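Inspection log for the structure reproduced underneath, given as C-alpha cells.
The values are calculated or read from the model by the stated rules, or taken from the named source; none is laboratory data. Predicted model, so just to flag it, every value in this text is computed and none were measured. Cβ sites come from the backbone with ideal geometry, for glycine too, and all protein chains shown count toward neighbours.
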Amino acid sequence: MLRTPGAVRDAERWTAHNYHPLPVVVASAEGSWVTDVDGRRYLDCLAGYSALNFGHRHPTLIQAAHEQLDKLTLTSRAFVHDQFADFCRELAALCGKDLVLPMNTGAEAVETGIKVARKWGYQVKGVAPGQANIVVAEGNFHGRTTTIVSFSTDEDARADFGPYTPGFTVVPYGDLAALEAAIDENTVAVLLEPIQGEQGVVLPPEGYLPGVRRVCTERNVLFVADEIQSGLGRTGRTFACDHEGVVPDMYLLGKALGGGIVPVSAVAANADVLGVLKPGQHGSTFGGNPLACAVATEVVRLLATGEFQRRSAELGERLDAGLRALVGKGLVAVRVRGLWAGLDIDPALMSGRQACERLMERGVLAKDTHGSTIRLAPPLVITEAEIDHAVAQLAAVLAG
C-alpha cells in the first residue's frame, strides 16, 4: 500500500494551509535526487529555492555538522565561541567587505538591512528623525514579515496583514529614471534583488544595476543588494551583481549559506555602514551559533575555490540551450542566468501548477509562480545528463 496519500492527508490535517505543496512526501535525499516514502526518486530542480546549492547532504558540509554536533551547538551571542571569528572573517573576505552580522533567516537579514540603513541615514547622512525612506522595486520578494510585506506588490503576500509599515517608495523594476526620481533628501537606501526570483527569474535590463550603483553614489544613498536567492554561486558568479561588475554597499545573504542543513543568513558591509550598530541595538539568540558557523564556514570555503560558480556558468549554458529549443513548442519565453531559469508556459496550454504536477509524475520537481511561470533552480552539483533529462521531461510535458 502506498504511504504518500495518507502522509499528504495527515500533513493537510495538522498544519495551517499557508503552502500548497506538490503531493510528494520526501524521506531521503542525496546530491540532486530525493526519494519519497514509497521509494520513488525525483530529480530536484528547485533545490529549496537555492538553499541547496551544494545539493542534498554534501559530504563536506555533513561532516562539519556532525563534528560540531559532538562539541557545541549554541552559546547565544552573550559569549564568543570558537567557530565565530573564522566564519565572519572568511565570509567578509568572500564579499570584499569589512564586517559581517550573522542572523538566521533571509527575512531577518532583510530586516537587519532595513534597520542598519535607517540608522546609517540618521547617524551618518543626517536625515531628520523618523523621516527615513527606502526605495524598492515592484515585483519584489524580500520575505514575509509585516514590515517586508508592507512594500510587497503581491496581493497574496500583502492583503489583510495591515496596518502597513511606512517609509518605502515602490518603483518599477528596471526603470532607472523612476528610481532616481523617487530619491529625495530623506532616502537612505535602495533595496533591490539583482534578479527577481519569486517574480519568475526576471533579469535586470543591461546597464540597470551599474546605473543604480551610480545613482546611489551620487545621491549618498546605500545600495542594498538582496542576494539571498541569487547569490553564492547560483547565477554562475559568486553574486548576481558580479555579472555587471557592481559592488553594493550591503549584501543580504541566506539560503545556500546554511548548506541545506541549518538556517543561516548574514549582512555584509563595510565598517562605515555596519559600524552604526552598538551593543544592545540589534541581535538574535541563534544568530551566528556554533553549528551554523561551522557549516557556513565550509560553504564559504567551497565557494572560495570557484568550482561551483564555474559549474553553474557552464551547465547553465547547457540548460539555456535546451530550454530555448522549446520556445514556440509550449514555452513562450525563457530567462536563464547560470543554473536559474524562469519559464513562461503558453497559458492556453496549461498553468504553471499543472506543468509542475506533470513534471512530478515524470520524476522531476519544480515550482510554479504567478500563473503560467515555473522556476528551475537545480543544485549546482547536477550533471549534464541530469540537465538533459530534466529538459527532456519538460519537453514531454509540453508535448502532452
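Remark: pairs (first residue in the range 11-23, under 19 Å from ASP36 (Cα atoms); second residue at pLDDT 95 or above and surrounded by 10 or more Cβ atoms within 10 Å (Cβ to Cβ); Cβ separation under 6 Å; 6+ apart in sequence or on different chains) = LEU22/MET360; PRO23/VAL8.
Just the residues that are out of contact with any Gly (no Cβ under 7 Å at 6 or more places or on another chain) and not hydrophobic (A, V, I, L, M, F, W, C), please, taken from the range 218-237. Working first, answer last.
Pass one, the range 218-237, residues out of contact with any Gly (no Cβ under 7 Å at 6 or more places or on another chain): 218-223, 225-227, 231-233, 237.
Once the filter is applied, which keeps residues that are out of contact with any Gly (no Cβ under 7 Å at 6 or more places or on another chain) and not hydrophobic (A, V, I, L, M, F, W, C), the range 218-237 yields GLU218, ARG219, ASN220, ASP226, GLU227, GLY231, GLY233, ARG237.
The one condition from (1) crowded, with 21+ Cβ neighbours inside 10 Å; (2) within 12 Å of THR145 (Cβ to Cβ) that ALA107 does not meet is (1).
Which one is surrounded by the most Cβ atoms within 10 Å (Cβ to Cβ) among residues in the range 197-223 that are closer than 15 Å to ALA377 by Cβ and out of contact with any Phe, Trp or Tyr (no Cβ under 6 Å at 6 or more places or on another chain)? Spell out the reasoning first.
Kept after step one, since they are closer than 15 Å to ALA377 by Cβ, are these residues of the range 197-223: 197-203.
Still in the running and out of contact with any Phe, Trp or Tyr (no Cβ under 6 Å at 6 or more places or on another chain): 197, 199-200, 202-203.
Details: GLY197: 24, GLN199: 21, GLY200: 22, VAL202: 17, LEU203: 18.
If we take residues in the range 197-223 being closer than 15 Å to ALA377 by Cβ and out of contact with any Phe, Trp or Tyr (no Cβ under 6 Å at 6 or more places or on another chain), then GLY197 is surrounded by the most Cβ atoms within 10 Å (Cβ to Cβ).
Taking the conditions exactly as written (touching a residue at least 40 places away in the same chain (Cβ under 8 Å) and under 27 Å from VAL247 (Cβ atoms)), does GLY126 satisfy them or not? Spelling it out, it is not the case that GLY126 is touching a residue at least 40 places away in the same chain (Cβ under 8 Å) and under 27 Å from VAL247 (Cβ atoms).
Taking (1) over 21 Å from LEU257 (Cβ atoms); (2) within 16 Å of the chain's Cα centre (by Cα) in turn, TYR42 satisfies each apart from (2). Selection within the range 154-168: residues that are closer than 21 Å to LYS115 by Cα and within 22 Å of the chain's Cα centre (by Cα). The member of this set that is surrounded by the fewest Cβ atoms within 10 Å (Cβ to Cβ) is ARG158.
Name the residues in the range 169-195 that are among the β-branched types (Val, Ile, Thr) and over 14 Å from ALA117 (Cα atoms), would you?
Answer for the range 169-195, where residues must be among the β-branched types (Val, Ile, Thr) and over 14 Å from ALA117 (Cα atoms): THR169, VAL170, VAL171, ILE183, ILE195.
The set of residues in the range 370-400 being surrounded by fewer than 22 Cβ atoms within 10 Å (Cβ to Cβ), modelled with pLDDT of 95 or more and under 18 Å from the mean Cα position of the chain (by Cα) consists of VAL381 alone. For the structure I just gave you, tell me whether ARG311 is buried (at least 19 other Cβ atoms within 10 Å of the Cβ), over 17 Å from HIS389 (Cα atoms), touching a residue at least 12 places away in the same chain (Cβ under 8 Å) and of a type in the set (D, E, K, R). Here the answer is yes, as ARG311 does meet what is asked.
Scanning the range 253-301 for residues that are part of a helix (DSSP H, G or I) and among the polar types (S, T, N, Q) yields a single hit, THR297.
None of ALA321, ALA325, ALA355, ALA304 is of a type in the set (A, V, I, L, M), surrounded by fewer than 19 Cβ atoms within 10 Å (Cβ to Cβ) and more than 27 Å from ASP242 (Cβ to Cβ) except ALA325. Each residue in the range 350-361 was checked for being in a loop (DSSP other than H, G, I, E, B) and either out of contact with any strand residue (DSSP E or B) (no Cβ under 9 Å at 6 or more places or on another chain) or more than 13 Å from LEU398 (Cα to Cα) (or both), and 1 pass. For the range 51-110, a residue qualifies if it is touching a Ser or Thr at 6+ places or on another chain (Cβ under 7 Å), of a type in the set (A, V, I, L, M) and farther than 12 Å from THR297 by Cα, and the qualifying residues are LEU101, MET103, ALA107, ALA109. Applying the criterion of being closer than 18 Å to ALA390 by Cα and β-branched (Val, Ile, Thr) to the residues of the range 26-52, the residue that is surrounded by the most Cβ atoms within 10 Å (Cβ to Cβ) is VAL34. For the range 373-400, a residue qualifies if it is touching a strand residue (DSSP E or B) at 6+ places or on another chain (Cβ under 7 Å) and charged (D, E, K, R), and the qualifying residues are ARG375, GLU386.
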